[in-house]
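What follows is one structure encoded as structure tokens, with my remarks underneath.
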Amino acid sequence: VHVLITGGSGYLGRELVRRYAATGAAVTATYATRPTDGEADWRWLDVRDRAAVDSLVREVRPDLVLHTAYRQSDWATTADGAAHVAAAATDAGARLVHVSSDAVFSGHASAYDESARPDPFTPYGAAKAAAETVVATVNPGAVIARTSLIVGSDGLSPNELLTHRLAAGGDGVLFTDEFRCPVHVTDLAAGLQELAAGDHAGIFHIAGADPISRYELGILIARRDGLDSTAIRQGSRVASGIPGPLDLRLVCPATQPLLSVRLRGATEFLRAT
Ligand SMILES: NC(=O)c1ccc[n+]([C@@H]2O[C@H](COP(=O)([O-])OP(=O)(O)OC[C@H]3O[C@@H](n4cnc5c(N)ncnc54)[C@H](OP(=O)(O)O)[C@@H]3O)[C@@H](O)[C@H]2O)c1
């Protein structure tokens, strides 16, 4: 089996590269600005360049494409890039798994299951929603998997790095009024791998079982890592005036029963040992 992972140099991408390499699959992985080595055939790729995407996919001839590449502030990468990857994967007859985000929702509803319609609030959420629409149209057999904050055990996810900085006295606050359903990167990657291996198509949710605030998440990370959680200051997203979803609860009632991996909540996977 030949697997192509876009955004292989990213946090989720690196975990997917490790997992697929461990299965003995041939893995081609892409990076944009952070050259990476080991466990895959690494290629530079800018997904904004349709011809470059076409040419790489034609050369690699993957059986499976996992599209994780995105850039939060860049529509051309997040939306156009997803369209380029979806079109190329479909032309090549590859199975496609597209990673999406809870950011396609505003947070105005009390919870969002797999049947909920996107109602994005931010340019990033709109770009991810546009990407979903293109992927589903170009490739109705694709898996579109929405997820929430991604956290790991190695301290290297952006949320862990931020917490470590704040616990060391760095400037900034964690919001007590912004809620998400953080997922462990290994649960997410395992879920994506399971969905990829089946013949599932459409929208899936892979998020952690517990809605918690950014502040609570930081406290849990600090305690797990033996850091001074009292150094982390609380803030209010509402008071900050930063626009965006406040209370965004992604639930997985249609997806969890399809998976053997249990999507743990943050209070469980960050429990101090
Ligand atoms: N992180 C979260 O908490 C979170 C929450 C919900 C959904 N998601 C979704 O999960 C997926 C993966 O997130 P992540 O946190 O693993 O992301 P990440 O660590 O920021 O990695 C993003 C990847 O995209 C690549 N990339 C950026 N611009 C590119 C371009 N123009 N062309 C090709 N590649 C480009 C980056 O390459 P370089 O690093 O080499 O520049 C990197 O490999 C994304 O689709 C995101 O929307 C993430």
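The values are calculated or read from the model by the stated rules, or taken from the named source; none is laboratory data. Note that the structure is a prediction, hence the values are computed from the model and not measured. Backbone-built Cβ (ideal geometry, glycine too); neighbour counts: all protein chains shown. Keep in mind that these areas ignore ligands, DNA and RNA; they rest on the heavy atoms of the full protein, side chains included. Shrake-Rupley method; radii C 1.70, N 1.55, O 1.52, S 1.80 Å.
Go through Pro182, Pro123 for me and flag whichever is open to solvent by 40 Å² or more (accessible area, probe 1.4 Å), under 20 Å from Tyr70 (Cα atoms) and not hydroxyl-bearing (Ser, Thr, Tyr). None of the other options fit; the residue is Pro123. For Gly13, the conditions (1) touching a residue at least 24 places away in the same chain (Cβ under 8 Å); (2) assigned to a helix (DSSP H, G or I); (3) more than 7 Å from the ligand (Cβ to nearest atom) all hold with the exception of (3).
Assessment of the range 47-65 against the conditions (open to solvent by less than 40 Å² (accessible area, probe 1.4 Å), within 18 Å of Leu188 (Cα to Cα) and modelled with pLDDT of 95 or more) yields at least one matching residue.
For the range 16-35, filtering for residues that are assigned to a loop (DSSP other than H, G, I, E, B) and either open to solvent by less than 40 Å² (accessible area, probe 1.4 Å) or touching a Lys or Arg at 6+ places or on another chain (Cβ under 6 Å) (or both) leaves 1.
Of all residues in the range 167-179, which are over 29 Å from His108 (Cβ atoms) and open to solvent by less than 80 Å² (accessible area, probe 1.4 Å)? Those that are over 29 Å from His108 (Cβ atoms) and open to solvent by less than 80 Å² (accessible area, probe 1.4 Å): Ala167, Gly169, Gly170.
Counting only residues that are within 12 Å of the ligand (Cβ to nearest atom) and out of contact with any His (no Cβ under 6 Å at 6 or more places or on another chain), which one in the range 83-102 is farthest from Arg58 (Cα to Cα)? Only one residue fits best here, namely Asp102. If you check Ala239, Ala231, Ala272 for being surrounded by fewer than 13 Cβ atoms within 10 Å (Cβ to Cβ) and free of Cβ contacts under 8 Å to residues at least 12 places away in the same chain, only one passes: Ala239. Residues that are over 22 Å from Gly10 (Cα atoms), at pLDDT below 95 and open to solvent by 30 Å² or more (accessible area, probe 1.4 Å): does the range 74-97 have at least one? Within the range 74-97, none of the residues are over 22 Å from Gly10 (Cα atoms), at pLDDT below 95 and open to solvent by 30 Å² or more (accessible area, probe 1.4 Å). Of all residues in the range 127-153, those being within 13 Å of the ligand (Cβ to nearest atom) and open to solvent by 50 Å² or more (accessible area, probe 1.4 Å) number 0. Among the residues of the range 83-102, those that are within 21 Å of Asp199 (Cα to Cα) and hydrophobic (A, V, I, L, M, F, W, C) comprise Val85, Ala86, Ala87, Ala88, Ala89, Ala92, Ala94, Leu96, Val97, Val99. Exactly one residue among Ile219, Ile242, Ile203 is within 17 Å of the chain's Cα centre (by Cα) and not acidic (Asp, Glu), and that residue is Ile203. Taken over the range 38-61, residues that are within 14 Å of the ligand (Cβ to nearest atom) and on the phi > 0 side of the Ramachandran plot amount to 0. Scanning the range 103-124 for residues that are closer than 22 Å to Val185 by Cβ and more than 10 Å from the ligand (Cβ to nearest atom) yields a total of 3.
Scanning the range 16-30 for residues that are within 15 Å of the ligand (Cβ to nearest atom) and among the hydrophobic types (A, V, I, L, M, F, W, C) gives Leu16, Val17, Val27, Ala29.
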